[in-house]
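Values in this text are rule-based calculations from the coordinates and carry no lab data. A quick note: this is a predicted structure, and the numbers were derived from the prediction, not measured. Cβ placement follows ideal geometry from the backbone for every residue including glycine, while neighbour counts extend to all protein chains displayed.
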Amino acid sequence: MKNNEENTALHEALIRGHQSVAKCLIEADPAVSLYTNKEQKSPLYLAAEQGLVEIVKLIKEKAVEKNTKIQGKSPLFAAILGRPNKEVLKIISSMEANILNSKDEKGRTPLHCAASIGYLEGVRFLDRRLMDSHRKDHCGNFPIHYASSKGHVDIVKELLRHCPDSMELRNSSDQNILHVAARCGEDNLVKYFLKNVEFQMLINQKDNRGNTPLHLAKMYRHPKVVHLFTLDRRTNLKVLNDRGMTALDISESTLETSASYHGVQVSI
């Protein structure tokens, strides 16, 4: 039986926090644990989202067989984006052969999501098991671009430790990780990149509109980031973008049209 939201009694028990009722329902009819509602969320998804280790374990024991195909939204994403719990992550990842390779509607892998929210334990767990560092989403962004857009220095370090050549990855706008950090105004991460010599080749690189990281910092009005670049002697202040402008040519009066013309096609 399902209600108007296509929730089963087990969905409702988990939504309302009735774990003892949920356990009884799973014991009585384990298959219901994998039924999806209108949002394509199964009770397993809801349990993973809430970090309910005992419920997730019980569903694995009772409902998930060797060749089970888990329907609906991947519970692995729920385990990362809900209340992150490493034990839940471990259990979910062992349920289905290809679950670690799942993608959401935006083409993001679980590693993209863990990198985006700064979930270091999750990144370490996933990075050891996959080569997802080199898988991009539908907008051409790699996990390290997600981490860079949010200024997660520890995540960037971890991704590079596991896969050093991630440093050179470009997204669909041909932007490196320093471009992304500069565009998003993540001054602490920009500072980290500028302090470490292995990133120096990123400083004056151009994207597909001819913009350097400094151009983007100026366009998107991030004065702290602009200041960091202008203080660094390695920054070439004379680099021209495709409109024939240096970063410092971009004044307040030209910011709006310039940002529109150089629109970054990155959705993070």
Given 10 Å bins starting at zero, what is the percent of C-alpha pairs of the stretch 91-159 in each, up to the one with the largest pair distance?
22, 58, 19, 1
Restricting to Cα pairs below 8 Å that are 6+ residues apart, what does the relative contact order work out to for the stretch 130-184? Please round to a whole percent.
36 percent
Tell me, Glu186, Glu5 in order of fewest to most beta-carbon neighbours within 10 Å?
Glu5, Glu186
The answer for the net charge of residues other than Gln40 whose Cβ lies under 12 angstrom from its Cβ, with Lys and Arg +1 and Asp and Glu -1, is -2
Hull surface over four for the Cα convex hull of the stretch 1-73, reported in nm², is 4.4 nm²
Roughly how many nanometres apart are two label points built 7 Å out from the Cα toward the Cβ at His138 and Thr246?
4.2 nm
How much net charge surrounds Leu81 when only other residues with a Cβ under 13 Å from its Cβ are counted (Lys, Arg +1; Asp, Glu -1)?
+3
As a check on your grasp of the helix formula, calculate [θ] at 222 nm for the chain: sum -39500 (n - 2.57) over DSSP H runs of n ≥ 4, divide by the residue count, round to the nearest 500.
-13000 deg cm²/dmol
Describe numerically, in nm with one decimal, the distance between label points set 7 Å from Cα along Cα→Cβ at Glu54 and at Glu27.
1.1 nm
For the residues Leu159, Leu44, what sequence is obtained by ranking on other C-beta atoms within 10 Å, fewest first?
Leu159, Leu44
For the stretch 80-90, 3J(HN,Hα) per residue [Karplus equation, 6.51 cos²θ - 1.76 cosθ + 1.60, θ = phi - 60°, Hz, x = Gly/Pro]
8, 8, x, 9, x, 9, 4, 5, 4, 4, 5
Using Cα pairs under 8 angstrom and six or more residues apart, how large is the relative contact order of the chain, in percent?
10 percent
For each of Lys206, Lys38, count neighbouring Cβ atoms within 10 Å of the residue's Cβ, then give the residues from fewest to most.
Lys38, Lys206
Excluding Lys2 itself, calculate the net charge of residues whose Cβ lies under 12 Å from the Cβ of Lys2, where each Lys or Arg counts +1 and each Asp or Glu counts -1.
-2
Tail weight of P(r) past 34 Å, computed on alpha-carbon pairs of the chain, percent
33 percent
Convex hull per residue volume in Å³, alpha carbons only, for the stretch 1-138
100 Å³
